[in-house]
1. Of the residues that make up region 70-79, is at least one open to solvent by 30 Å² or more (accessible area, probe 1.4 Å), over 11 Å from the mean Cα position of the chain (by Cα) and modelled with pLDDT of 90 or more?
2. Among the residues of region 128-138, is there at least one that is touching a helix residue (DSSP H, G or I) at 6+ places or on another chain (Cβ under 9 Å) and either open to solvent by less than 50 Å² (accessible area, probe 1.4 Å) or modelled with pLDDT of 90 or more (or both)?
3. Being in a strand (DSSP E or B), at pLDDT below 95 and either over 18 Å from the mean Cα position of the chain (by Cα) or more than 22 Å from Ala155 (Cβ to Cβ) (or both) is the requirement here; does Asp91 meet it?
4. When the residues of region 25-48 are narrowed to those that are exposed (fewer than 13 other Cβ atoms within 10 Å of the Cβ) and under 18 Å from the mean Cα position of the chain (by Cα), which ends up modelled with the highest pLDDT?
Amino acid sequence: MMMRAMLSLAAATLLGACAAFGPPDIETSRTYANLGPEALYQRTLDALRASQLEVTRSDPASGVIGAVGRFEQRGWAECTQPRRIVEDSEDREEVVGARVDYRRVELMASVQGGAEGATLTLDPSFTAEPVSPMATTEECRTTGQLERQILEAVAARS
């Protein structure tokens, strides 16, 4: 019993220390001095498609691009496991982990022109979709890998 309490305290301390550091700084916007807005817009479309994202919205006049995709094994985000409530034979409820059907990303990209060049801003939103309709859909936290992948793909074509 004493050992379990010590392990629980150690785990809580470790989790608290990790939470105190927070997420790493993630670059979500970059200015490309050598590109105009039209060229940056096209390169962004190409980079999204190369990342196997489906472009769902494309408005060159406003510079906005919407894309969706799945990211099961790509490391683009860290997600908490979906949960669901189950009842036992005595009507006691318990929260248990639910299986994840797939992980989904919705990304909005914005291209704006400026005096110093065109700027690309990325705003991804990740979720873990559960198999069971009775389970919660959990939000996920970006690791920055998708953003870095797209920003670097656009820069590599310069």
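The values are calculated or read from the model by the stated rules, or taken from the named source; none is laboratory data. Every value quoted in this text rests on a predicted model; they were computed, and no experiment measured them. Every residue, glycine among them, receives a Cβ derived from its backbone with ideal geometry; neighbour counts consider all protein chains shown. When the accessible area is computed, the model is the full protein with side chains, heavy atoms only, and any ligands, DNA or RNA have been set aside. Shrake-Rupley method; radii C 1.70, N 1.55, O 1.52, S 1.80 Å.
1. Scanning region 70-79 turns up no residue that is open to solvent by 30 Å² or more (accessible area, probe 1.4 Å), over 11 Å from the mean Cα position of the chain (by Cα) and modelled with pLDDT of 90 or more.
2. No, because not a single residue in region 128-138 is touching a helix residue (DSSP H, G or I) at 6+ places or on another chain (Cβ under 9 Å) and either open to solvent by less than 50 Å² (accessible area, probe 1.4 Å) or modelled with pLDDT of 90 or more (or both).
3. no
4. Glu27
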